[in-house]
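Taking it in order: structure first as structure tokens, then the write-up.
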């Protein structure tokens, strides 16, 4: 690997992995509530971002309690496995 970074190889790999994790979180957010941004109103943007952060944190906490597979899964998979199925079972229709 060639780079002009001042980091050692293991440090650079760790930094790259952390950056990839953040990119995955942003991609998951754009697939959900963050798709509504920007709306043109500051309060609406703040509300969507707050709701996304709350649901993201709750879903990640639930997924880490569910299984090791769910701890690494995307938000869409978590919604399909952990939210939609129980919601369908609880719905009276």
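Computed from the coordinates by the stated procedures, all read-outs in this text should not be read as laboratory data. Since this is a predicted model, take the numbers as computed values, not measurements. Counting neighbours? That spans all protein chains shown, and the Cβs are built from the backbone with ideal geometry, glycine included.
So what's the back-of-envelope 222 nm ellipticity for the chain, counting only DSSP H runs of four-plus at -39500 (n - 2.57) apiece and dividing by all residues, rounded to 500?
Helix contribution divided over all residues of the chain: -21000 deg cm²/dmol.
Report the gain in length on full extension from residue 10 to residue 45: 0.36 nm times residue separation, minus Cα-Cα distance, nm rounded to one decimal.
8.8 nm
Give me the angle, in degrees from 0 to 90, between the Cα long axis of helix 9-30 and the longest principal axis of the Cα atoms of the chain, rounded to the nearest 10.
Once rounded, the angle reads 30 degrees.
What distance in nm separates the simple spin-label points at residue 84 and residue 58, each placed 7 Å from Cα in the Cβ direction?
Output for this residue pair reads 1.9 nm.
Fewest first, what order do 60, 88 take by the number of other Cβ atoms within 10 Å?
In order of increasing Cβ crowding within 10 Å: 88, 60.
Starting from 0.36 nm per residue, how many nanometres of slack lie between residue 19 and residue 36 once their C-alpha separation is accounted for?
Taking 0.36 nm per residue and subtracting the Cα distance, the gain is 3.7 nm.
Can you give the Rg and Dmax of segment 9-90 based on its C-alpha atoms, in angstrom?
15.1, 51
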